[in-house]
Amino acid sequence: MRNFLGSVANRVFLILLAGILVAAGTTSWLADNERRKALKELYEFRIAERVEQIVYSIDNVGPETRAVVLRTGENLGLESSLVNNTEHAVDDNPTLTEFLKNRLGGDRTVIVSKHTDCKLRDRRSPDFRRLDECQAVYVSLKDGALLKVKMRLMREPGGASGGPAGLPYRSPYFALFLLLIGMLAFVVAKMTARPIQHLANAAGSLGRDIDRPPLDESGPTEVRQAAAAFNAMQARIKRQIQHRTHMLAAITHDLQTPLTRLRLRLEKVGDGELRHKLLEDLAVMQSMVREGLDLARSMDSAEKMQMLDVDSLLDSICSDAIDARQDVTLEGSTRASIVAQPNALRRCLTNLVDNATKYGRYARLRLVRDGGDIVITVRDGGTGIPENQLEAVFDPFFRLETSRSRDTGGTGLGLTIARNIAENHRAALELRNHPEGGLEATLRLPARG
């Protein structure tokens, strides 16, 4: 449920659906109240009309014919009779009472009350029907006599079959109503979340490919503004990376010439021991310059992407390592191809193999296919790395003094270069300490075949 609510589209869908249903329910409830009110007014109008007809009919005839007029009310579903008093009736329908007074004249006595245990003749049957409740209207006549008219109570509209608020809950039309509302809410939610999804996808692609095409600046005003801001941010980041990369490449490139001259002059130093130490320091400097140039290239590689057979690439890397007398083995194959920069990816894997053989004595490579990814693991036989420093070793110029000292000649850029190249290929490079000992580097590449 948390994953479902984590989506903006799903949240908008639920909010829209709930809002539309609440609005529809409220509107239906108000409409039902108005319908009930209209039906009640219509009922009272009809009752007042019937009572008025009986009252005027009795007023206009003599006492000897009143019994006949009173019996005619039974045809209308009424029971009319003359009574001596109001029988202690209490007026509990002021609206109908006021309505009758206005129609009959304000000088008449009118009382409308509820009665229990009533008997009324059904218009469709000559028999009387017993009712739990009925309504009695007491009206005074012109000669002072008191007329009592009993009738059925108005039945509430809707009832059990119609459902509350007047909505046809048991009708297939109500299911169709809900279906249409749900479809509308879903479409609106998707339309609302689509620009956000495009922006999220673009942000994810930006981390892997700074040269990705800019977003299309179209759509509503807010979407165009967000796309324009994102494109401007991408352009600024790209310029900053290019400036930093070009500066680093220029510095490292320009240093090579004076270092070469310095090496030639050091060859002329007469003291052999001093010359040897100076040449060692110079070699370290030249190595750092080369690594710096490789780092700059790894951040902004202009090499073209092309289809590459992974099995052949790893077999070639392992063969070169064995020729260099390194303890390297390869296990597994995928028969898959990927879109990659051949030289850059070779450099990434070579750095991992060199690190394994230099600091862990050997490198055990394993190649497998995991769904849509190609997974390459490189395990060594060293002592591993402290857990809290597994990410820190990817920082430039970071070296572990206890296991990877400066005496080994490392510059602290090998893993940084490897991860930069991996990210340029939309791949993931991670380190972990193997349960059986040693460090294991895992490179997960997206397959293309």
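Bear in mind these aren't lab numbers, they're just calculated from the coordinates by the rules spelled out. Quantities reported herein were computed from a predicted structural model and do not represent experimental measurements. Heads up, the Cβs are rebuilt from the backbone with ideal geometry, glycines too, and the neighbour counts pull from every protein chain shown.
Using mean Cβ contacts within 10 Å as the protection proxy, how do 225-234, 134-143 order, highest first? Provide the component values of the computation, followed by the final result.
Details: 225-234: 15.2, 134-143: 18.0.
For the peptides 225-234, 134-143, the packing ranking is 134-143, 225-234.
Filter the trypsin sites (Lys or Arg not before Pro) in segment 166-267 down to the DSSP loop ones having no more than 12 other Cβ atoms within 10 Å, then list what survives. Write out the running numbers ahead of the final one.
Values: sites: Arg170, Lys190, Arg208, Arg224, Arg236, Lys238, Arg239, Arg244, Arg261, Arg263, Arg265; in loops: Arg170.
Those that pass, being in a loop and sparsely packed, are Arg170.
Would you mind getting the Kirkwood hydrodynamic radius of segment 249-329 from its Cα pairs, rounded to one decimal in Å? Before the final figure, lay out each step's value.
Details: mean 1/r = 0.0626 Å⁻¹.
Answer for segment 249-329: a Kirkwood hydrodynamic radius of 16.0 Å.
Order these peptides, 19-29, 47-57, by their mean beta-carbon neighbour count within 10 angstrom, highest first.
Details: 19-29: 13.0, 47-57: 17.8.
Answer by packing, highest mean first, reads 47-57, 19-29.
Take segment 303-446, compute every pairwise Cα distance, and split them into 10 Å bins from 0; I just need the percent in each bin.
Using 10 Å bins, I get a P(r) of 12, 45, 35, 8, 0 for segment 303-446.
GluC sites (Glu not before Pro) within segment 255-297: which are DSSP loop residues with at most 16 other Cβ atoms inside 10 Å? Before the final figure, lay out each step's value.
Numbers: sites: Glu267, Glu273, Glu280, Glu291; in loops: Glu267.
Qualifying residues, ordered by number: Glu267.
Provide the FRET efficiency to the nearest 0.05 for the Lys114-Met191 pair, computing r from the beta carbons and using R0 = 51 Å.
Values: r = 56 Å, r/R0 = 1.10.
After rounding to 0.05, the efficiency reads 0.35.
Taking the number of other C-beta atoms within 10 Å as the exposure measure, put Lys150, Lys114 in order starting with the fewest. Could you put the intermediate results ahead of the total?
Values: Lys150 19, Lys114 14.
Listed from fewest to most nearby Cβ atoms, that is Lys114, Lys150.
Give me the one-decimal Kirkwood hydrodynamic radius in Å for segment 175-333, with the sum taken over alpha-carbon pairs.
Kirkwood radius, segment 175-333: 21.9 Å.
Setting aside same-chain residues fewer than 8 positions from Lys277, which lysines have a Cα under 19 Å from its Cα?
Lys268
Taking the Cα centre of each part, how many Å lie between segment 330-392 and segment 185-201?
39
Please provide three numbers in whole Å: the alpha-carbon extents of segment 221-295 along the principal axes, with the largest listed first.
Over segment 221-295, Cα extents along the principal axes are 76, 15, 12 Å.
How long is the gain from Arg239 to Arg399 if the chain were fully straight, where each residue apart is worth 0.36 nm and the alpha carbon distance is subtracted?
Working: separation 160, 0.36 × 160 = 57.60 nm, distance 2.98 nm.
Computed gain between Arg239 and Arg399 is 54.6 nm.
What is the order of Ser337, Ser218, Ser316, Ser80, fewest Cβ neighbours within 10 Å to most? All intermediate terms of the calculation are to be shown ahead of the outcome.
Working: Ser337 17, Ser218 8, Ser316 13, Ser80 25.
So the ranking, lowest neighbour count to highest, is Ser218, Ser316, Ser337, Ser80.
Leaving out same-chain residues fewer than 8 places away, which lysines sit with a Cα under 22 Å from that of Lys148?
Filter leaves Lys40, Lys101, Lys114, Lys119.
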